[in-house]
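See structure below.
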Amino acid sequence: MEIEEMKALWSDMSDQLDQQKKLTNEIILKMTQERYTNKFRTISRYETFGALFCLIAFLFILVNIQKLDTWYLMACGVMTLAFIAILPLLTLKLLSQIRNFNILDKSYKEALIGFQKAKKNLLKLQQTAIYISFIILFTSSAVFAKIFGNKDFFLIDRGIKEYLVFAFAFAFVFFFSRWGFNAYKKVTTSAENVLNELE
């Protein structure tokens, strides 16, 4: 075999190896993108279900808004409506942004910076929602007490039973909120680990 033929054969083999390496990298990136997206699948379902529940509650309160016959009950109604309308929409929007984050057309550094920004926004919203949920516990209690029982929440004589129920509700919101926030942290950390594998 002549040297020229060997050079041509070697060049051809080198090109084939480069193409194979490029194809392997593309496959790895696509698999990583799919694994990354799947990390958010379960939490997206929960949030969608929660948004539907909030929509039903929103419509129910809106249909019965005329029963809130004092300015402070109406204020509680408006605050509750705002919370259950805005928070689910913001959550779904940020969750969609982070879930559909495309790592295929970005460098590793760009992908990581973009992910960190989306993660920070999502977790900050969840922290804010935790604090607001305690306020909404009071406002929605006032709204539903009036709608269901025609009772003014702020003027009701309360016994130990009512305080225990409210303490239980407060504890439930506290632990449920913490559980939800920790689930978000776990999912975003897991997704970040998938991205770190690209380094």
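Throughout, read-outs are computed from the coordinates displayed, never taken from laboratory work. Quick caveat: nothing in here was measured; it's all calculated off a predicted structure. Virtual Cβ from ideal backbone geometry, glycine too; neighbours counted across all protein chains shown.
Couple of notes before you dig in:
- For K67, the lysines whose Cα comes closer than 25 Å to its Cα, not counting residues fewer than 8 places off in the same chain, are K146, K151.
- Relative to the Cα centre, the charge distribution of the chain, modelled as +1 at Lys and Arg Cβ and -1 at Asp and Glu Cβ, gives a dipole magnitude of about 1140 debye.
- Difference of contour (0.36 nm per residue) and Cα-Cα distance, Q16 to K30: 2.9 nm
- Highest mean packing first, where packing is the average number of other Cβ atoms within 10 Å per residue, the peptides 117-126, 76-85, 151-160 line up as 76-85, 117-126, 151-160.
- Kirkwood analysis of the Cα pair distances in the chain returns a hydrodynamic radius of 20.7 Å.
- The calculated FRET efficiency for N182 paired with L104, based on their beta-carbon distance and R0 = 30 Å, is about 0.50.
- All aspartates and glutamates inside 12 Å of K109 as judged from Cα atoms, apart from same-chain residues fewer than 8 positions distant: E199
- Annotation for W71 and V173: the two label points, set 7 Å from Cα along the Cα-Cβ direction, are 2.4 nm apart.
- Inter-label distance for K93 and F148, nm, one decimal - labels placed 7 Å from Cα along Cα-to-Cβ: 3.2 nm
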